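Inspection log for the structure reproduced underneath, given as C-alpha cells.
Since every read-out is calculated from the coordinates, none of them should be taken as a lab result. Not measured: the values here are computed from a predicted model. All Cβ positions, glycine included, derive from the backbone under ideal geometry; neighbour counts span all protein chains shown.
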2 protein chains.
Amino acid sequence: MTTDLAPLPPEFDRPWEEITEALETGDSQRLLAVLEELSAEDTRRAISRLSPEQHQLILSRLDPEDAAELLESLPEAQAVELLEEMSPEAAADIVENLPDNIGADLLQEMDEADSEAVLAELDDVDEADHLRELASYQWDSAGGLMTEAFAAFPVTHTVGMVLQELSENAEDYSDLDVQYVYAVGQSGDLLGVLRLRDLVLTPRHRNIDTIMIPNPASVQASDDLESLVEIFDERDYLGLPVLNNAGIIVGVIPRESVMEAAADHLTEDYLHSSGIVGGEELRSMPLMQRSFRRLSWLAPNILLNLVAASVIAMYEDTIQAVIALAVFLPIVSDMSGCSGNQAVAVSIRELTLGLIRPSEYLRIIWKEGLLGIINGFVLGVILGSIAGLWKDNLWLGLVIGGALWFNTVLSVLLGGLVPLLLKRFKIDPALASGPILTTCTDMCGFFLVLNLASAVLSRLA
Amino acid sequence: MTTDLAPLPPEFDRPWEEITEALETGDSQRLLAVLEELSAEDTRRAISRLSPEQHQLILSRLDPEDAAELLESLPEAQAVELLEEMSPEAAADIVENLPDNIGADLLQEMDEADSEAVLAELDDVDEADHLRELASYQWDSAGGLMTEAFAAFPVTHTVGMVLQELSENAEDYSDLDVQYVYAVGQSGDLLGVLRLRDLVLTPRHRNIDTIMIPNPASVQASDDLESLVEIFDERDYLGLPVLNNAGIIVGVIPRESVMEAAADHLTEDYLHSSGIVGGEELRSMPLMQRSFRRLSWLAPNILLNLVAASVIAMYEDTIQAVIALAVFLPIVSDMSGCSGNQAVAVSIRELTLGLIRPSEYLRIIWKEGLLGIINGFVLGVILGSIAGLWKDNLWLGLVIGGALWFNTVLSVLLGGLVPLLLKRFKIDPALASGPILTTCTDMCGFFLVLNLASAVLSRLA
C-alpha cells in the first residue's frame, strides 16, 4: 500500500550544489523551491557546506518569514552560527518572525554583545523587552522551556462560550496542541484546568468552574530541569501550566519539551566529558573558534599531565636502573584511567536516575572498593605476569602487578566518588571528573610503580 | 497560590527502612501504603538498597497487579534485575499484568534462557506468542517502540457511530491519548486517519471517509530509530500508525516514544564510550556480574596497551641515554588521546545531526587537519618549552614539542575519521572509537618521541 509520506524527498549527494545554482540564477522562487524540496537532513548538510557569504545571500533572498522557517529547521548551534554571521538589522528581521521561545533560545546562545545588538534593532520595543525576559530564563528551566501559546478563559465562562471562542479563533490555536484549557481569575491567576474531552462532552450552558479540576498541578517559571523531570516522571502529565511569582499563568510546558531538554543535557554531558567545552562545535564553524575552544580544554590538561609526570622525574635513578619500568608507566596510567572512567559513568548514571544521593559516599566506597579489589587483581595478574615473564624477573612482575592492583582500587574509588563531590559543589560532573581523576590516578600510579621498584631495586636491576 | 501538586511526597533519607519495617510486620496493606507514599525517586533508591531476598518478599506480598505497577515505575535495568532474581512462575504472573510493550521490552533485555523460561510459564499461550513476537522487534525499531493501544474503525462507519463507540468504551481508551482515529478496510488495512477535533466538529450522520485524510503517513514495523527520528523531525506528527508487511495497522508510535528512544541511544553511547558495555550497570547488581562486565572491556584494552607500549621496549637504549624521555612519554600519550577524543565527539555529533555522511572523508581530513596543525603547534610549543627549559637542552624541547605536534595532527585526523569508518561498517562508534584511537596514537606518539630522540641522541645525552 502506498502512503503519501513514504516518498520522502530524494536524497541529494551534494545538496549544496542545488542551492548554489539557485543562488547564481538570482531567482528567489527557485531558491525557495529547492529548499522546500530538500529533506531536513539535506538542508542541514547543505548549510554546513556553504560559506558565510552564501548564508547571507540565501537569507537575504528569502523573505524574513521563510528565512525564519529555514532557521527553525536547523540544529540550534547551526542557527546561532547563521545569526551571528548576519548584520544585527538582518538578524532582527528574522528573529521577529521566529516563535518567541525559539527566538529567545537562539538569543541566549549568542554572544551577549551580539544578542543585545539584535534586540536593539527590533522595531517593537515591547517585543524586545519580552524576548530579553524570556532569554533571561535558563534555557533548561520551566520558563526557558515553556511555550507561551496556551488557551486560558475567565472562570466565569460557560462551556459554550469557551467552545465558541476556541472555534472562532481556531487559526490561533491550530499550532498548539490544545489538550487542556485553563480557567483563570480576574488577574490571570490560575484557578483550574479543563480537559478538551470534558468540554466536548458537557452541556454547553454549564459554567466551566463546574467541570474544571480546581487547584491544578503547576510549576514555577524558575523550576530547574531536574525538578521538572521528577514531576513529569511522577505522573503522566501531557503538559503543565507555568506560573510566575505572582501565581499568574505565563505559559505551558509540554512533556515533550522536558524530555527533549533532558536529552539535550545528556548530549551536553557527553560532549563535556569528551572535552568539547564552551559551546557545541560544528565543523562549519570558523577554524580559530574551534581551535580556541578545544585548546581551552587541552591547555589546562597539559598542565595537569605535567604535575602527574613530575612524579616520574623524581625517580629518574630508579628508571635508569630498570629501564623496563618506562614501558609500563604509560600502561598503568592508561588502565587506571579506564577503570576510573567506568566508575565515573556509573556514578553519573546513578545520579541521573536518582539511585544515589550526592551524600552517600559510604555506599560508593563499599560497592566500588570490592569491585576494585577483584578487577585490580585480575588486571594486575595479567600485566604482572607479562612483565615478569618478559624480563624473567618475578620481582618486576610483583612490582608492576601490585602497583596496578592498588591503583585500580584507588581509581574506581575516586571515579565513583568524584561525580558525587562535584555534584555537591554544583560543578558539572561530566566536565570535570575526567581531568581530576586522570591527574590523581596518574600520580598515584607512577608513585606506586616507582616507589615499589625503588624498594626492591637490588632484585630488579 | 497553592497547587495540589506542590506537596510532593516528603523525601525520606533512608526510604528502604520504611519498606523493611513494612516487610517485617508482614502486613501487605502497610507495604502497599508505604510504596504509594514514596516518590518515584525514593522507590528506585529504596529498591537499589534492598537485598534480592527482600525484593522477592516485596513482590510476593503484593498482588501481581501492584507488583507490575511497581516494576513499571523503575528504570528498565532495575526492573530486569528484579525479574531475573525471581522464579519464572512468579515473574510470569507479573509479566501478565504489564502492558504488552513494556513486558516485551523487559523480556528482550533479559538473558534469552531466562526470558524463555518466563514465557513458558505464561498461562495464555497466545499471549506468550504475542510477547515473543513483540520482543523479536529491535527495541529501538518502530515495532519495538509502538503501543498496540489505538482506535481503528471500519471506513464505512459514520461519525456518530465512531463517537458512540468511543464514549461507550471510554474506559478502554482512557489510557491512550486519542489524538487520531484510524479508518481501516475489511482486512485491517489502513485507509485513512481522522483527527479527534474534526470528528467532534462534523455532523454525526456523515461517513468518516468524507472527512478522513486518505493514504495517511505511516511507518513499517521494521523501521529503525534513525529513520523514525528523520520522519518525526521532518514533520510535527504527534504519532504515526505502524504497519506490518501486509499493510495492516498493528500499532501506533507516539512522537514521545521516538524522542525517548533517541535519548536512550545517547545514554547508551555515553556509557559505551566510558567502557560500560554488555548492558547497563547499576551498583545494586551482583558484584561478580559488574566485575565481569567491566573486565570484558578492560582486558582487551590492556592487550592494546601492551601493543602500543611495545614500541617503547624497542627503544630501551635511547631511554637509557636520555632518562627524561620516560617523563614525557605518558604526557604525549595522554594529550594525543585527549585531542583525538574531541574529534571523535564532534564526528559522532555531526553523524547524529546528519551534517556529515560516513563517506565524506575528505571534509574531515581538511577540517581536522588544519585544526590539528594549529592545536598541535600550540601544545607542542608549551610542552617542548617546558622540556627544553627543564633540562636546559634545546634539542630535547624540539624532540618533545615536534613529536606532540605531529602526533596531535594524527590524533585529530584519526579521531575524526574512525567514527565514520565504524559507522560505515555498522560498528557502534561510541563503543570502539576510543580503544582504536588510543592504541594508534599511543604507538605513533611513542615512536615519534623515541625515533626523533634516537636521531639526535648525541645532542640530548
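Would you work out if segment B:152-271 is rounded, prolate or oblate? Take a ≥ b ≥ c from the square roots of the eigenvalues of the alpha-carbon gyration tensor; rounded if a/c is under 1.5, else prolate when a/b is larger than b/c, oblate otherwise. List each step's numbers first, then the result.
Values: a/c = 2.37, a/b = 1.91, b/c = 1.24.
Prolate is the answer for segment B:152-271, as a/c is 1.5 or above and a/b outweighs b/c.
Starting from the alpha-carbon convex hull of the protein assembly as shown, give the projected area averaged over all orientations, in nm². All intermediate terms of the calculation are to be shown ahead of the outcome.
Numbers: hull surface 165.4 nm².
Across all orientations, the protein assembly as shown yields a mean hull projection of 41.3 nm².
What 222 nm value per residue comes from the helices of chain B, counting each DSSP H run with n ≥ 4 as -39,500 (n - 2.57) and dividing by all residues, nearest 500 deg cm²/dmol? Show your work: numbers first, answer last.
Details: 23 runs with 307 residues, N = 461.
It lands at -21000 deg cm²/dmol.
Would you calculate the separation in nanometres between label points at residue B:126 and residue B:385, each defined as 7 Å from the Cα along the Cα-to-beta-carbon direction?
7.9
Using alpha carbons only, how many degrees (0 to 90, rounded to 10) separate the axis of helix A:287-313 from the longest principal axis of chain A?
Between the helix axis and the principal axis of chain A, the angle is about 30 degrees.
Can you list the copy-to-copy distances for residue A:206, using a point 7 angstrom from Cα toward Cβ, in nanometres, shortest first?
2.7
Just name one of A:167, A:184, A:202: the one whose Cα is farthest towards the positive end of the charge dipole of segment A:152-271 (beta-carbon charges, Lys/Arg +1, Asp/Glu -1).
Farthest towards the positive end: A:202.
I need the inter-copy label distances for residue A:87: point set 7 Å along Cα to C-beta, values in nm with one decimal, smallest first.
8.1
Need the C-alpha centroid separation for segment A:104-169 versus segment B:393-414, integer Å.
One Cα centre to the other: 52 Å.
Out of all DSSP beta bridges in segment A:152-271, what portion is antiparallel? Express it as a percent rounded to 5. Walk me through the numbers on the way to the answer.
Working: 14 of 19 bridges.
Of those bridges, close to 75 percent are antiparallel.
If you average the alpha carbon positions of segment B:8-65 and of segment A:50-84, how far apart do those two centres end up, in angstrom?
Segment B:8-65 and segment A:50-84 have Cα centres spaced 54 Å from each other.
At what distance in nm do the modelled label points of residue A:138 and residue B:189 sit from each other, each positioned 7 Å from its Cα along Cα→Cβ?
5.4
Take the alpha carbon atoms of segment A:217-276, find their center, do the same for segment B:242-313, and report the distance between the two centers in whole angstrom.
So the separation of the two Cα centres works out to 26 Å.
So for segment B:15-140, what percent of the C-alpha to C-alpha distances run longer than 26 Å? Could you put the intermediate results ahead of the total?
Details: 1521 of 7875 pairs.
In whole percent, the long-distance tail amounts to 19.
What number comes out for the charge environment of residue B:154, summing +1 per Lys or Arg and -1 per Asp or Glu over other residues with Cβ under 12 Å away? Walk me through the numbers on the way to the answer.
Working: positive: none; negative: B:165, B:189, B:209.
Summing Lys and Arg as +1 and Asp and Glu as -1 gives -3.
Taking the alpha-carbon set of chain B, what are its Rg and Dmax in Å?
29.7, 99
Shortest first, in nm, what separates the label point of residue B:361 from those of the same position in the other copies (7 Å along Cα→Cβ)?
Spelled out, the distances from residue B:361's label point are 5.2 nm.
Rounded, prolate or oblate for segment A:287-460? Axes are the square roots of the Cα gyration tensor eigenvalues, ordered a ≥ b ≥ c, and the cut-off for rounded is a/c under 1.5.
oblate
Given a Förster distance of 25 Å, report the FRET efficiency between residue B:236 and residue B:201 from their Cβ-Cβ distance, rounded to the nearest 0.05. Kindly include the intermediate steps, with their values, before the conclusion.
Numbers: r = 21 Å, r/R0 = 0.82.
After rounding to 0.05, the efficiency reads 0.75.
Using a Cα-Cα cut-off of under 29 Å, which lysines could be cross-linked to residue B:423, ignoring same-chain neighbours fewer than 8 residues away?
Partners within reach: B:367.
Estimate the FRET efficiency between residue A:458 and residue A:316 by the formula 1/(1 + (r/R0)^6), using the beta-carbon distance for r and 25 Å for R0, to the nearest 0.05. Mind dumping the intermediate values first?
Values: r = 18 Å, r/R0 = 0.72.
My answer for the efficiency is 0.90.
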